[in-house]
Amino acid sequence: MSVKQRLQTIQYEIAEACEKTGRSVSDVQIVAVTKYVSVARAKEAVEAGIVHLGESRADGFLHKYEAIGKQATWHFIGTLQSRKVKQVIDYVDYIHSLDRLSLAEEIDKRANRTIKCFVQVNVSGEQSKHGLAPEDVLPFIETLSAFPRIQVVGLMTMAPYTDDEATIRYCFRTLRELKERVQEKQWSHAPCTELSMGMSNDYVIAVEEGATFIRLGTSLVGEEEVE
């Protein structure tokens with residue numbers, strides 16, 4: 001199937017999930033994760049109407065950006081090493097993986113404008129996943145007021161890769177409740193209105209639980225052998 005055909009199927013499922021939960025489809029943004037596909041496939045996504053592109057490695061990000069540029073809104077969705085910040089900071093619109101002060105310091109030091117950031121939360125507690133423990137999120141976000149070029153627009157998490165819907169739903173619901181606790185603080189540097197959660201295997205559940213950005217790779221753009 002073409003990216004456009006896949007997108008139509010995904011949009012239908014998002015619409016169903018929104019109708020079920022009383023949400024508007026305009027509240028859900030699709031980020032096409034292009035890490036495992038070529039520039040040509042990434043361009044196909046843009047031509048199909050995808051506005052948001054996500055990459056998780058600095059080299060891949062720069063390669064795609066060079067070809068596509070400002071035709072897309074760019075998301076860095078993987079673990080960002082502090083030493084790599086200077087390579088991508090002039091081009092990135094959103095960073096989905098802020099989870100430590102050393103990274104915040106580097107972003108603030110290198111940026112020449114406000115960078116929209118998601119604080120990454122390891123809700124599931126899996127050793128293989130990055131992110132803050134839920135109980136550390138509010139204290140961490142409070143400290144970020146010291147960095148004027150960082151705006152905390154929301155929280156991000158990844159659910160366990162499982163068929164157990166209850167486990168997935170718990171993960172996403174916990175993140176939503178945590179977001180609401182941040183919003184109650186009314187911090188000017190952290191409006192925290194967004195939820196980045198849901199991938200190809202669980203995005204319908206994520207939308208039902210309040211996701212505003214879903215990150216789709218294989219289900220949307222497929223997978224290719226890319227160096």
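The values are calculated or read from the model by the stated rules, or taken from the named source; none is laboratory data. What you see is a predicted model; the values in this text were computed from it and never measured. Cβ placement follows ideal geometry from the backbone for every residue including glycine, while neighbour counts extend to all protein chains displayed. These accessible areas exclude ligands, DNA and RNA; they are computed on the full protein's heavy atoms, side chains included. Shrake-Rupley method; radii C 1.70, N 1.55, O 1.52, S 1.80 Å.
Output the number of the condition that Arg215 fails; it satisfies all remaining conditions of (1) farther than 17 Å from Glu44 by Cβ; (2) touching a residue at least 40 places away in the same chain (Cβ under 8 Å); (3) surrounded by fewer than 24 Cβ atoms within 10 Å (Cβ to Cβ).
With respect to (1) farther than 17 Å from Glu44 by Cβ; (2) touching a residue at least 40 places away in the same chain (Cβ under 8 Å); (3) surrounded by fewer than 24 Cβ atoms within 10 Å (Cβ to Cβ), Arg215 is out only on (3).
Could you list all residues from the stretch 14-42 that are buried (at least 18 other Cβ atoms within 10 Å of the Cβ) and more than 19 Å from Ser200 (Cα to Cα)?
The answer is Arg23, and nothing else.
Which of the residues belonging to the stretch 66-95 are β-branched (Val, Ile, Thr), free of Cβ contacts under 8 Å to residues at least 40 places away in the same chain and within 20 Å of Leu155 (Cβ to Cβ)?
Selection gives Thr73, Val92, Ile95.
What about Lys129, is it basic (Lys, Arg) and loosely packed, with under 14 Cβ neighbours inside 10 Å?
no
Hey, can you tell me all the residues within the stretch 86-105 that are within 16 Å of Glu194 (Cβ to Cβ) and either part of a strand (DSSP E or B) or open to solvent by 70 Å² or more (accessible area, probe 1.4 Å) (or both)?
Result: Tyr94, Ile95, His96, Ser97, Leu98.
Collect the residues in the stretch 47-72 that are β-branched (Val, Ile, Thr) and either open to solvent by less than 30 Å² (accessible area, probe 1.4 Å) or within 30 Å of Pro139 (Cβ to Cβ) (or both), keeping them in residue-number order.
Result: Ile50, Ile68.
Check Leu195, Leu138 and return the single one that is of a type outside the set (Gly, Ala, Ser), touching a residue at least 12 places away in the same chain (Cβ under 8 Å) and under 21 Å from Gly78 (Cα atoms).
Going through Leu195, Leu138 in turn, the sole match is Leu195.
Of the residues Ala190, Ala159, which is in contact with an Asp or Glu (Cβ under 6 Å, 6 or more places away or on another chain), under 24 Å from Gly54 (Cβ atoms), of a type outside the set (Phe, Trp, Tyr) and part of a loop (DSSP other than H, G, I, E, B)?
Matching residue, one of Ala190, Ala159: Ala159.
If you take the residues in the stretch 152-173 that are out of contact with any strand residue (DSSP E or B) (no Cβ under 9 Å at 6 or more places or on another chain) and either aliphatic (A, V, I, L, M) or closer than 22 Å to Val92 by Cβ (or both), which one is surrounded by the most Cβ atoms within 10 Å (Cβ to Cβ)?
Ala159
In the set Arg176, Arg113, Arg149, which member is closer than 27 Å to Ala32 by Cβ, in contact with a Gly (Cβ under 9 Å, 6 or more places away or on another chain) and open to solvent by 30 Å² or more (accessible area, probe 1.4 Å)?
Selected residue: Arg176, the only one of Arg176, Arg113, Arg149 that is closer than 27 Å to Ala32 by Cβ, in contact with a Gly (Cβ under 9 Å, 6 or more places away or on another chain) and open to solvent by 30 Å² or more (accessible area, probe 1.4 Å).
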